[in-house]
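The values are calculated or read from the model by the stated rules, or taken from the named source; none is laboratory data. Here the structure is a predicted model, which is why all the values come from computation and not from measurement. Here the Cβ positions follow ideal geometry from the backbone for every residue, glycine too, while neighbour counts run over all protein chains shown.
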Amino acid sequence: MKEKDPIAEQIIKRNDALKGKRSTCDSLWQSIADYVQPRKSQITTKKTEGVEGYTEELYDITAIQANGTLAAGQLAYLTPANDVWMKYEAPEQLKETAGFAGKAWYAKCTEIIHRERARSNFYTEIHEFYLDRGGQGTALIYCEEGKQTLFNYCNEEVGTYAIAQDDQGMVDTVFIERTMTARQMRQKFGEDNLGEKVKKALASSNPDDLDKEFTVIWAVFPREDMKDGEPQTALTRDARKMDGPNKPIASIYVCREDKKVVRNSGYDEMPSMVSRFLKWGKQPYGFSPSIIALPTIKQVNFIEKMMDALAEKTAFPPVLVPEGMDGEVDLRSGGVTVFDPNAPNSAMPKEWGTMGRYDIGKDRVEVKRKMIEQAFHNDLFRMFTDLDKTITAYEAMQRAAEKLVQFSPTFARLQTEVFNPLGRREFALAFRAGALPEPPREVYVETPDGGYALPVPEIVCVSRIALAIKALQNRAFLEFVSLIQPLLQLDPTIMDNFDLDKAARGIADNVALPPEWQRSEEDVAAIRQQRAEMQQRQQQIAEAQGTAKAAKDLSAAAPELRKLVPSAA
């Protein structure tokens, strides 16, 4: 009897449980895909690519364009390919000690990783990620080592994966189902690791069996540390070991048909980043502009369908034909129909059923289209585009700050759920690959055992939208200074309540001023010390000069003073 694989059975069971919880979202996602992303509308309805069935019931593309504008806007203003949009800085425990050498090293790491990211497929995959996020409200992208490039990214389509959250509401578990042929499985996992059914397909004399498809479940989740004497399972690891099955993040591939683990490995950090446009209650899946606008999207689609029918009837109206003229009415262009003018009016052919109001339908559609575009934040990105034509990027960010208030919640979620873990993942991959320069002593921290470790760097977003949101802080400070200006004229010491140095550095950071343009706090302290010493010397010189002048004046006046003093008797 074939021995069961307990890890495989555990993975299959958990995958099915997570899929069951996800099933409540599948029908909604399918409906959204039909109207917003028809090329991805195979969630509950299976379709054949290149065959009709994707757009037959689609009469209006406003939602498709609105989601495309949202995705393109995020690509251009959150993660632009030509600009650095994320940088590394010293973590909090090194802020005071990293010094210029540490800042320069983090700046160099930023430059290298930005270049390697641009060489990879990141920007094509993140665009698909944004489309899914605006569409179904949940999107997944993962980052692994590349073969031709340092990094390789992949966006997984909604409906192919199931997720779970940790106790803080962050997605830390991803189960992905993929269909692979026997040949593909041999290439990826090696024939020795495959199960009997896959091997049988590979050994078949029928060449078509090489392309026989199997379901592969890929499970990625955090492993827990085993206790002494506890048997190891799919969910636990021996923390004393650092091989694949004992990595902190599990990566297990299971063939469903064979119920066999074909690869048991792991990661040092989470490779998958899942983001929700907005959180939807306590469930792990997200809430999106498409969900908000779906009733309006369906209404516009229905009205357009009816208006098409009305336009067709108006252009080619139905005709009432008298019974005696059956077959004698010529409706062709330039056609001639003969009738008796002496007959009653009822005997003459006439149009009927064309009383619809196309203008009302058109006005109604325009109103609803604007509602859809607003739900997808299209006005924000159009504002950036319009402002770019006449003023600087910084001025554009200042003017768009108010509109960013509505967008900032989903941006904050992007930063927490994607940009921060993605930046840490890329940094770790680049460091282990030897792609980063040798770290200076200033960026290490001492460990409890007396050694030294490189801490996780701080991830700072410096995209145009990130800077525009930070510009709100700058504007608040400048408005504050303007308000207290009258008080400063009465008492300048009021500014002693505020740390102007920190304010100035914060403003510089908020506008992404390059670190090399800023002096370190040590340099500033030294300059101020030199200035104070110079002022003190100048004061001493001035005092000495004043004393010497007074002595000279007194000496010159001495003869005259003697005349005023009576001689001694």
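Quick rundown of the values:
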| item | result |
| --- | --- |
| Residues being crowded, with 19+ Cβ neighbours inside 10 Å, small (Gly, Ala, Ser) and within 23 Å of Ser23 (Cβ to Cβ) - total across the range 264-304 | 5 |
| Qualifying residue in the range 456-479 (condition: on the phi < 0 side of the Ramachandran plot, modelled with pLDDT of 80 or more and more than 20 Å from the chain's Cα centre (by Cα)) | yes |
| Failed item, numbered, when Leu210 is tested on (1) touching a residue at least 40 places away in the same chain (Cβ under 8 Å); (2) hydrophobic (A, V, I, L, M, F, W, C); (3) farther than 13 Å from Met273 by Cα | (1) |
| Subset of the range 224-263 that is hydroxyl-bearing (Ser, Thr, Tyr) and within 21 Å of Tyr142 (Cα to Cα) - its residue that is surrounded by the fewest Cβ atoms within 10 Å (Cβ to Cβ) | Ser251 |
| Tabulated pairs, the range 355-379, first without any contact (Cβ under 8 Å) to a residue 12 or more places away in the chain, second part of a helix (DSSP H, G or I) and among the β-branched types (Val, Ile, Thr), C-beta under 6 angstrom, 6+ apart or interchain | none |
| Condition check for Gln93: in a helix (DSSP H, G or I), modelled with pLDDT of 85 or more and surrounded by fewer than 16 Cβ atoms within 10 Å (Cβ to Cβ) | yes |
| Only listed residue being at pLDDT 70 or above, in contact with a Pro (Cβ under 9 Å, 6 or more places away or on another chain) and not β-branched (Val, Ile, Thr), chosen from Leu310, Leu294, Leu320 | Leu320 |
| Number of positions in the range 148-206 that are closer than 22 Å to Thr44 by Cα and outside any strand (DSSP E or B) | 4 |
| Total residues in the range 113-144, condition touching a strand residue (DSSP E or B) at 6+ places or on another chain (Cβ under 7 Å) and either farther than 18 Å from Gln30 by Cα or part of a helix (DSSP H, G or I) (or both) | 15 |
| Hits in the range 349-384 - residues which are modelled with pLDDT under 75, assigned to a helix (DSSP H, G or I) and closer than 23 Å to Lys305 by Cβ | Tyr358 |
| Matching entry among Ala428, Ala453 (being modelled with pLDDT of 80 or more, in contact with an Asp or Glu (Cβ under 6 Å, 6 or more places away or on another chain) and within 30 Å of Gly146 (Cβ to Cβ)) | Ala428 |
| Conditions (1) in contact with a strand residue (DSSP E or B) (Cβ under 9 Å, 6 or more places away or on another chain); (2) polar (S, T, N, Q); (3) touching a residue at least 24 places away in the same chain (Cβ under 8 Å); (4) surrounded by fewer than 22 Cβ atoms within 10 Å (Cβ to Cβ); number of the one not met by Thr69 | (1) |
| Every pair of residues 6+ apart whose Cβ atoms lie under 8 Å, when the first sits in the range 127-140 and is touching a residue at least 12 places away in the same chain (Cβ under 8 Å) while the second is of a type in the set (Lys, Arg) and surrounded by 24 or more Cβ atoms within 10 Å (Cβ to Cβ) | Arg133/Arg276; Gly137/Arg276; Thr138/Arg276; Ala139/Arg133 |
| Failed item in (1) outside any helix (DSSP H, G or I); (2) of a type outside the set (Gly, Ala, Ser); (3) out of contact with any strand residue (DSSP E or B) (no Cβ under 8 Å at 6 or more places or on another chain); (4) modelled with pLDDT of 90 or more, with Tyr88 passing the rest | (3) |
| Pairs with Cβ under 7 Å, 6+ apart, first in the range 427-456 and closer than 14 Å to Glu269 by Cβ, second among the basic types (Lys, Arg) | Val456/Arg424 |
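The rows are residues; the columns are (1) at pLDDT 85 or above; (2) surrounded by fewer than 14 Cβ atoms within 10 Å (Cβ to Cβ); (3) under 28 Å from Val261 (Cβ atoms).
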{"residue": "Glu3", "(1), (2), (3)": "no, yes, yes"}
{"residue": "Ile7", "(1), (2), (3)": "yes, no, yes"}
{"residue": "Asn15", "(1), (2), (3)": "yes, no, yes"}
{"residue": "Lys21", "(1), (2), (3)": "yes, no, yes"}
{"residue": "Cys25", "(1), (2), (3)": "yes, no, no"}
{"residue": "Leu28", "(1), (2), (3)": "yes, no, no"}
{"residue": "Arg39", "(1), (2), (3)": "yes, yes, no"}
{"residue": "Tyr54", "(1), (2), (3)": "no, no, no"}
